[in-house]
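Student: Encoded as structure tokens, here's the structure I'll be asking about.
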Amino acid sequence: MANLKEIRTRIASVSSTQQITSAMKMVSASKLRKSQNAILKLRPYSAKMTEIIQNLCGSEKDEMPLARQSKVLNNVLILVLTSNKGLCSTFNSNVIKATNQRIDFYKEKNLDIKIDVKTFGKKGSDFFKKQKDSINYLGDNDDIWDNLSFENVAKEGEELIKDFINKKYDKIEVVYNQFKNASTQILTYETFLPITFEQESIETNNDYIFEPSKAEIVNSIIPQSLKTQLFKCFLDSFASEHGARMTSMHKATDNATNLLKDLKLTYNKARQASITNEIIEICSGAEALK
């Protein structure tokens, strides 16, 4: 059995860790509430914009550059959304693993395909920087998480739209964690471009009055909708990160609490044994003096 000093040192260490994980849990819970409110408010708006585009443009999809469907994918861009920090369980590793699976999926279909990867989050950046032999790593924009706003994401969206219109890419895809609740994140592959249309929406007749012209409205609303869709992906990932970290820190705090109980029980047993030994030695000494 470990001596009392060693056990006291371990108790102090675990207690300190417990305080840290508990504080991190509360910080993540606070950030989660804000990001959760933001994503829950944005989803209905994004869904409605998508519905309007489906109804407005469905019959003209073949004439739209942003709806261009390539029969053979030769150039694909994958956007990888991870976090800048760790301590969030499998949040980052799941996204990295899923991205590698998508890369393998496309290469199985076309060995000559060119796959570009751009990362948002240091955990993804650190990994894919080392994978330059199998992919074309474009770099990162990890700082976007420090000031996540629609304006900053929209700048990325504008560049992506230009690249697709100029036929630099046949498909642009986003890999991220979709937020469900604090303890559940849904790993998601989402096509950013080309725009896809549901057949049911194409056949729906809606009598719209256009002011100014339909063409001007469509040319304005489609880029705005795409930027909103991309921002939704970032907000989903942001909320998922804090949910995963809060859950992870909650489990770590519980583990530390249980470990402290075991250590204190061990300490008390060791202290009791020590006191018993001392009493026995005193009694033995007293007997020897008789």
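Every number in this text was worked out from the coordinates using simple rules, so none of it is lab data. Here the structure is a predicted model, which is why all the values come from computation and not from measurement. As a convention, Cβ positions derive from the backbone with ideal geometry for all residues, glycine included, and neighbour counts pool all protein chains shown.
Student: What does the charge count around Ala38 come to, taking other residues whose C-beta lies under 15 Å from its C-beta (Lys +1, Arg +1, Asp -1, Glu -1)?
Tutor: Charge balance in the 15 Å sphere: +3.
Student: With a ≥ b ≥ c taken as the square roots of the eigenvalues of the C-alpha gyration tensor of segment 8-81, please select rounded if a/c is under 1.5 and otherwise prolate if a/b is larger than b/c or oblate if it is not?
Tutor: Oblate shape, in that a/c is at least 1.5 and b/c is the bigger or equal ratio.
Student: For segment 232-260 and segment 8-82, what is the centre-to-centre distance using only Cα atoms, to the nearest Å?
Tutor: 16
Student: Right, another one. Okay, helix-only estimate at 222 nm for the chain: each DSSP H run of n ≥ 4 adds -39500 (n - 2.57), divide by all residues, round to 500 deg cm²/dmol; what do you get?
Tutor: Using -39500 (n - 2.57) per qualifying helix, the result is -22000 deg cm²/dmol.
Student: Still on this structure: Per 10 Å bin, what percent of the C-alpha pairs of segment 62-207 does each bin hold, from zero upward?
Tutor: Over segment 62-207, the share of Cα pairs per 10 Å bin runs 10, 37, 35, 15, 3, 0 percent.
Student: How far is helix 150-165 tilted, in degrees, relative to the longest principal axis of the Cα atoms in the chain, given as a value from 0 to 90 rounded to the nearest 10?
Tutor: Result, in degrees: 50.
Student: Can you return the lysines within cross-link range of Lys132? Criterion is Cα-Cα under 18 Å, with same-chain partners fewer than 8 residues away left out.
Tutor: Lys132 reaches Lys97, Lys107, Lys114, Lys118, Lys122, Lys123.
Student: Mind checking the alpha-carbon convex hull of segment 220-290 and giving the volume per residue in Å³?
Tutor: Normalising the Cα hull of segment 220-290 by residue number yields 41 Å³.
Student: When the Karplus curve 6.51 cos²θ - 1.76 cosθ + 1.60 is applied with θ = phi - 60°, which whole-Hz ³J(HN,Hα) does each residue of segment 97-104 get, with x for Gly and Pro?
Tutor: Once rounded to whole Hz, the list reads 4, 5, 5, 4, 5, 5, 4, 4.
Student: A follow-up question, please. Just to verify a number: FRET efficiency for Lys114 and Gln69, C-beta to C-beta distance, R0 = 22 Å, to 0.05?
Tutor: That gives a FRET efficiency of 0.75.
Student: Angle between the Cα long axis of helix 214-289 and the longest principal axis of the chain, 0 to 90 degrees, nearest 10?
Tutor: 10
Student: Points 7 angstrom from Cα along the Cβ direction at Thr9 and Leu87: gap in nanometres?
Tutor: Calculated label separation equals 2.4 nm.
Student: By per-residue mean of other Cβ atoms within 10 Å, what is the highest-first order of 50-57, 99-106?
Tutor: Final packing ranking: 50-57, 99-106.
Student: Another question, then. Kindly state, as a whole number, the per residue volume in cubic angstrom of the convex hull around the alpha carbon atoms of segment 1-151.
Tutor: 193
Student: Using amide H atoms built in the peptide plane, which far-off residues or other-chain residues are under 5 Å from Phe192 H to H?
Tutor: Sorted by chain and number, the residues that satisfy this are Ile172, Glu173, Val174.
Student: To the nearest whole percent, what portion of all C-alpha pairs in the chain is separated by more than 35 angstrom?
Tutor: In whole percent, the long-distance tail amounts to 38.
Student: According to the square roots a ≥ b ≥ c of the eigenvalues of the Cα gyration tensor, what is the shape class of segment 82-167, taking rounded for a/c under 1.5, prolate for a/b larger than b/c otherwise, and oblate for the remainder?
Tutor: oblate
Student: Using the alpha-carbon atoms, what tilt in degrees (0 to 90, nearest 10) does helix 4-57 show relative to the longest principal axis of the chain?
Tutor: Rounded to the nearest ten degrees, it is 10.
Student: Sticking with this structure for a sec: Taking the Cβ of Val175 as the centre, find all other residues whose Cβ is under 9 Å away and add up their charges (Lys, Arg: +1; Asp, Glu: -1).
Tutor: -1
Student: Scan around Arg68 for amide H atoms under 5 Å from its own, H built in the peptide plane at 1.01 Å from N, and keep only partners 5 or more places away or cross-chain.
Tutor: Ile195
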